[in-house]
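Worksheet for the structure shown next.
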Amino acid sequence: MNSSTWFFKNTDTLRKGTKMIRLLCLLAIIFSFNTFALAEGLKPTTYVYGVAKSAYVLGSGSVGSPNSVAQGGVTFSWKSGFYLDLWGSAPFKSNNDNHFGKETDVTAGWKGEMGGLKMDAGIAHYNLYPVSKLDSFDLTDIFGEISPRKAWVVGKESTVTPFFRAEILNSSGRGVKNEVVGYAGLYNNIPLGNSWSLDQKFQVGHQPKLPGLSPGWNGYYKLSLSRALSNKLTVGVIAERYQPFGLDGDRVGKNVYGITFGFPI
């Protein structure tokens, strides 16, 4: 039996093996973080959050779902800086033109300070549609973000924090291999008093060549108005604008609106 014949006869076996390896990696991440927490003798801080959005636009600037979606998750974080985040997205409608709003992500990382910088680094697995299985069409993302340890103070209380973020994407099924994404931008926080807060995020990023998309630059702006209530629940509204600097494939300028909530457990 030549090598090509063996490959085609064992394609299903190879696929199943790949899925099993991905599943074992995810379980290993979760087990490692739980083991680390026990070793510290500390329970993690748990935060639950969610949003109802008018649409889902992917980080590439392409529309993942043109219709409304519900998204949210839970973050476990430890005093050492390690954290584990579980996130999901699902459309409010299940018609065929909206099923790409389904997604589940697992992210493991570390946030802390080093020198005069704040750092956030880790690895994420994006289980894209169909989310019922792990396969080679999922995305793996190795990321790192840095920002100054001290935010710039503007006026009496408003702060501005510049940041730079880099990601390395891989997906064998989608033909994505070590594609680098770079972002740079600003976070702005404006306390409004009486537990109200206005937050803004300005971001410019360069997207790599992805299936159906050529390399291109994207702009992103997010405005968030939120209030922390006495029961520790935080509620708010958001408005987002995705703006490609060159129309390419399904990258289009789009406004997205949503209602958010979050609370610690």
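The values are calculated or read from the model by the stated rules, or taken from the named source; none is laboratory data. Predicted model only: the values in this text are computed from it and were never measured. Quick reminder, even Gly has a Cβ in these numbers, built from the backbone with ideal geometry, and neighbours come from all protein chains shown. Side chains are part of the model used for accessible areas, which takes the heavy atoms of the whole protein and leaves out ligands, DNA and RNA. Shrake-Rupley method; radii C 1.70, N 1.55, O 1.52, S 1.80 Å.
Here ARG251 fulfils each of the conditions (1) crowded, with 17+ Cβ neighbours inside 10 Å; (2) modelled with pLDDT of 85 or more apart from (2).
Matching residues to (1) of a type in the set (A, V, I, L, M, F, W, C); (2) out of contact with any Lys or Arg (no Cβ under 9 Å at 6 or more places or on another chain); (3) open to solvent by 60 Å² or more (accessible area, probe 1.4 Å):
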{"site": "TYR47", "(1), (2), (3)": "no, yes, yes"}
{"site": "SER62", "(1), (2), (3)": "no, no, no"}
{"site": "SER65", "(1), (2), (3)": "no, no, no"}
{"site": "VAL69", "(1), (2), (3)": "yes, no, no"}
{"site": "PHE82", "(1), (2), (3)": "yes, no, yes"}
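Restricting segment 153-169 to residues that are of a type in the set (D, E, K, R) and in a strand (DSSP E or B), which is surrounded by the most Cβ atoms within 10 Å (Cβ to Cβ)? In this case the residue turns out to be GLU167. Tell me, please, whether a residue that is surrounded by fewer than 15 Cβ atoms within 10 Å (Cβ to Cβ), closer than 22 Å to ASN255 by Cα, without any contact (Cβ under 8 Å) to a residue 60 or more places away in the chain and among the hydrophobic types (A, V, I, L, M, F, W, C) can be found in segment 145-152. Within segment 145-152, not a single residue is surrounded by fewer than 15 Cβ atoms within 10 Å (Cβ to Cβ), closer than 22 Å to ASN255 by Cα, without any contact (Cβ under 8 Å) to a residue 60 or more places away in the chain and among the hydrophobic types (A, V, I, L, M, F, W, C).
The condition (being under 18 Å from MET119 (Cβ atoms) and in contact with a Gly (Cβ under 7 Å, 6 or more places away or on another chain)) is satisfied by just one residue among TYR183, TYR187: TYR183. Counting only strands (runs of 3 or more DSSP E) that sit completely within segment 63-132, those holding 2 or more residues that are modelled with pLDDT of 95 or more correspond to 69-77, 82-91, 103-114, 117-128.
Among the residues of segment 118-137 satisfying the criterion of being within 16 Å of SER89 (Cβ to Cβ) and of a type in the set (A, V, I, L, M), which is most open to solvent (accessible area, probe 1.4 Å)? Taking the candidates together, the pick is VAL131. Name every residue in segment 223-262 that is in a strand (DSSP E or B) and among the aromatic types (Phe, Trp, Tyr), in order of residue number. Those that are in a strand (DSSP E or B) and among the aromatic types (Phe, Trp, Tyr): TYR242, TYR257, PHE261. Of the residues making up segment 183-216, those that are among the aromatic types (Phe, Trp, Tyr) and free of Cβ contacts under 8 Å to residues at least 40 places away in the same chain are TYR183, TRP196, PHE202. Restricting attention to segment 170-205, the residues being closer than 26 Å to ILE142 by Cβ and open to solvent by 60 Å² or more (accessible area, probe 1.4 Å) number 10.
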